[in-house]
Each structure stands twice: as C-alpha cells, then as structure tokens.
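Asks: Please see the structure below; I have some questions.
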Amino acid sequence: MGQIKLNAERILKEVPFGVELVAAAKTRTAEEILEAAAGGVKIIGENYVQEASSVFAVIGRAVKWHFIGHLQKNKVKTAVEIFDMIETVDSSALAGEIDKRARAIGKVMPVLIEINSGREEQKSGVLPEDAAGLIREISAFTGIRVAGLMTMGPLAGDAEDSRPYFIETRKAFEGIRAAGISGVEMKYLSMGMTNSYKVAIEEGANLVRIGTAIFGERK
Ligand SMILES: *Cc1c(COP(=O)(O)O)cnc(C)c1O
C-alpha cells in the first residue's frame, strides 16, 4: 500500500464532518480503487459504464458506486444494476429511462440533477432556473428518487473562479428545498473537484468528487 492510501486518509481527515467524499476513479484500476478503499474511501465515482463494469466485477459492493459521467440511454440498464446513485440526470427522458429500468429490477435509484452552472452551450446539465421544473416533472416517478443537485462548473485554474458557480447552484438547491416538492428530499449538493473542493465546501457542498488528489495525475 502506498501513496493512494495516504492521500485518501489525509483528505478524509481534512473534510469536515457531514461532507462525504467520492473518489473520482476514471481510468483507475481495481487495484488502485481498492487502495483508496483501504484508506477509508466509501464511495467511488465512475464516468463510463463499461469501465465501471470491469472494476465492479472485481470490487463489487465493498464500496458504493456513483455515476458522475454523461449517461447514454443504451447504458442505463447496466448503470442501474451497478450504481447506488446517478449524479448526472439532466432531462426527463433520461430520468424516465432510469425509472423504467430501475422498476424492472425492483430498485429505487437515488439521482441528482446536474446543473450547468456555467451556462456553457456544449456542457450537459440543466440551467439553474430550469432545475425545479424538471424535478417537479419527474418527482412522481417511482423508480427514482431525486436527492439533490450536482455541478461541475467551468474548468478553472484558480479555485476562486469556481465560487460564483457553486453559489448559484447552492441557491437553486435551497430554493428547491424550500419549495418542498412531494417525494423529493434535497439532501446532497455535489460540488468541487481536486482544485476546488475547499471552496465548494465553504459554499455548502456535502459531496465532493476528488480524483487527482487521491490517485495522482491521470496518464
Ligand atoms: C474527473 C472528475 C472529477 C475529479 O476531478 P479531479 O480534478 O481529478 O479531482 C470530478 N467530477 C467529475 C464529474 C469528473 O469527471
């Protein structure tokens, strides 16, 4: 056991009580993921269903699995079997497909709504002001349960540049929570990566997705 375990232990010590760590594990091997788990990581984030399938085959339910990538319709069936949460729902069509596939296997899938807080045209996610409408639309689906919001924000070199996007997402989160939509529990606010998680936590994140600081630079 080496650096990955030490990194995980250090970050887990550093994040405040009530903030959960998702180790963002794209491109990492099962061995690397198990080392993070040995350091105390409880949740693994994966961006690709196929890659998740192969590490899941080795690791199984020793950790929780969050989907944090862009989910294609033809991958939903497998995703619903593997993942404990899908953080990146951004349309009623995708929510409907997850709902259908989850009901077929008797599962209720917790989902987060992905917010395009940077209002970037090429990025996935819904605009902050459209989140409540989408949530109302899908709140009656019995195979999913909306549990909060997720955002990436524009890529930024400096963490402070991310702060306005985190603030806007938190405001949307609080507004939706205050609306008290039936069947919706606004519990998770997933924001912040290696370079920005401290700012994200200051702005209310209680789920942070960290890759590089745990596993090292991606090759
Ligand atoms: C890769 C990734 C992260 C983690 O990024 P790092 O900068 O390596 O910490 C977080 N969220 C998502 C959606 C990612 O794809």
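Asks: What are the ³J(HN,Hα) couplings of segment 139-148, residue after residue, when phi is run through the Karplus curve with 6.51, -1.76, 1.60 and θ = phi - 60°? Round to Hz, x for glycine and proline.
Replies: 5, 8, 5, 8, x, 10, 9, 5, 10, x
Asks: Then there's this: Gaussian network model of the chain, Cα springs within a sub-10 Å range: biggest mean-square fluctuation belongs to which of Ala93, Ala132, Ala30?
Replies: Ala93
Asks: Can I ask one more? Quick one: putting +1 on the C-beta of Lys and Arg, -1 on the C-beta of Asp and Glu, what dipole do you get for the chain around its Cα centre, in Debye to the nearest 20?
Replies: Working: 28 positive and 29 negative charges, 138 e Å.
Computed about the Cα centre, the dipole is about 660 debye.
Asks: Rounded to whole Hz and in sequence order, give me ³J(HN,Hα) for segment 110-119 from the Karplus expression 6.51 cos²θ - 1.76 cosθ + 1.60, θ = phi - 60°, writing x for Gly and Pro.
Replies: Coupling constants for segment 110-119: x, 10, 10, 9, 7, 9, 8, 6, x, 6 Hz.
Asks: Between Trp65 and residues 5 or more places away or on another chain, which pairs have amide H atoms under 5 Å apart, with H built 1.01 Å from N, and which residues are they?
Replies: The answer is Ile44, Asp84, Met85.
Asks: Between Glu81, Glu14, Glu46, where does the largest GNM mean-square fluctuation fall for the chain, given springs only between Cα atoms within less than 10 Å?
Replies: Glu14
Asks: Here is a further query. For the chain, with a Gaussian network of springs between Cα atoms less than 10 Å apart, report the residue from Arg145, Arg209, Arg163 with the top mean-square fluctuation.
Replies: For the chain, modelled as a Gaussian network with Cα springs under 10 Å, the answer is Arg163.
Asks: How large is the dipole of segment 118-177 about the Cα centre if only Lys and Arg carry +1 and Asp and Glu carry -1, each at its Cβ, rounded to the nearest 20 debye?
Replies: On the way: 8 positive and 10 negative charges, 71 e Å.
Charge dipole, segment 118-177, about its Cα centre: 340 debye, nearest 20.
Asks: Might you report the magnitude of the Cβ-based charge dipole of segment 117-219 about its Cα centre, with Lys and Arg at +1 and Asp and Glu at -1, to the nearest 20 debye? Before the final figure, lay out the partial values.
Replies: Numbers: 13 positive and 14 negative charges, 78 e Å.
My answer is approximately 380 debye.
Asks: Collect residues whose amide H, placed 1.01 Å from N in the peptide plane, falls under 5 Å from the amide H of Ala24; neighbours closer than 5 in sequence don't count.
Replies: Gly45, Ile210, Gly211
Asks: Which whole-number percent is the relative contact order of the chain (Cα, under 8 Å, 6+ apart)? Intermediate results must be reported in sequence, preceding the final value.
Replies: Working: 430 pairs, mean separation 43.3, N = 219.
Reported as a whole number, the value is 20 percent.
Asks: Shape of the chain from its Cα gyration tensor (a ≥ b ≥ c, root eigenvalues): rounded if a/c is under 1.5, otherwise prolate when a/b > b/c, or oblate?
Replies: Values: a/c = 1.76, a/b = 1.17, b/c = 1.50.
Since a/c reaches 1.5 but b/c is at least a/b, the shape of the chain is classed as oblate.
Asks: Quote the relative contact order of segment 85-134 in percent (integer), defining contacts as alpha-carbon pairs under 8 Å separated by 6+ residues. Before the final figure, lay out the partial values.
Replies: On the way: 58 pairs, mean separation 19.8, N = 50.
With pairs under 8 Å counted, the relative contact order is 40 percent.
Asks: Over segment 1-73, what is the relative contact order in whole percent, taking alpha-carbon pairs under 8 Å and six or more residues apart?
Replies: Details: 88 pairs, mean separation 23.7, N = 73.
Computed over segment 1-73, the figure is 32 percent.
Asks: With every protein chain present, what is the per residue accessible area of the chain (1.4 Å probe, Å²)? Walk me through the numbers on the way to the answer.
Replies: Working: 10220 Å² over 219 residues.
Per-residue value: 47 Å².
Asks: Mind listing the phi-derived Karplus ³J(HN,Hα) values for segment 64-72, rounded to whole Hz, using 6.51, -1.76 and 1.60 with θ = phi - 60°, and x for any glycine or proline?
Replies: After applying 6.51 cos²θ - 1.76 cosθ + 1.60, I find 8, 10, 10, 8, 10, x, 8, 9, 8 Hz.
Asks: Quick query: amide H of Val146 versus all other amide H atoms, modeled in the peptide plane; which residues come in under 5 Å with a sequence gap of 5 or more or a different chain?
Replies: For Val146, whose amide H was placed from the backbone, the distant partners under 5 Å are Val111, Glu185.
Asks: Moving on to the next point. With runs of 4+ DSSP H residues as the only contributors, calculate the mean residue ellipticity of the chain at 222 nm using -39,500 (n - 2.57) per run, divided by the residue total and rounded to the nearest 500. Working shown, then result.
Replies: Details: 9 runs with 87 residues, N = 219.
So the helix-based figure for the chain works out to -11500 deg cm²/dmol.
Asks: Looking at segment 121-198, which GluC sites (Glu not before Pro) are DSSP coil and have at most 13 other C-beta atoms within 10 Å of their C-beta?
Replies: Working: sites: Glu121, Glu129, Glu137, Glu160, Glu168, Glu174, Glu185; in loops: Glu121, Glu185.
Within segment 121-198, the qualifying GluC sites (Glu not before Pro) (loop, at most 13 other Cβ atoms within 10 Å) are Glu121, Glu185.
Asks: Can you sort Ser182, Ser190 by 1.4 Å-probe accessible area, starting with the largest? Provide the component values of the computation, followed by the final result.
Replies: Values: Ser182 95, Ser190 0 Å².
Correct descending sequence by accessible area is Ser182, Ser190.
Asks: Can you classify segment 179-219 as rounded, prolate or oblate using the Cα gyration tensor, where a ≥ b ≥ c are the square roots of its eigenvalues, rounded means a/c under 1.5, and otherwise it's prolate if a/b beats b/c and oblate if not?
Replies: Details: a/c = 5.07, a/b = 2.41, b/c = 2.10.
Prolate, because a/c is 1.5 or more and a/b exceeds b/c.
The values are calculated or read from the model by the stated rules, or taken from the named source; none is laboratory data. As the structure is a computational prediction, the values presented were derived from the model and not from experiment. Methodologically, a virtual Cβ is constructed for each residue, glycine included, from the backbone with ideal geometry; neighbour enumeration extends over all protein chains shown. Please note that ligands, DNA and RNA were not included when accessible areas were found on the heavy atoms of the full protein model with its side chains. Shrake-Rupley method; radii C 1.70, N 1.55, O 1.52, S 1.80 Å.
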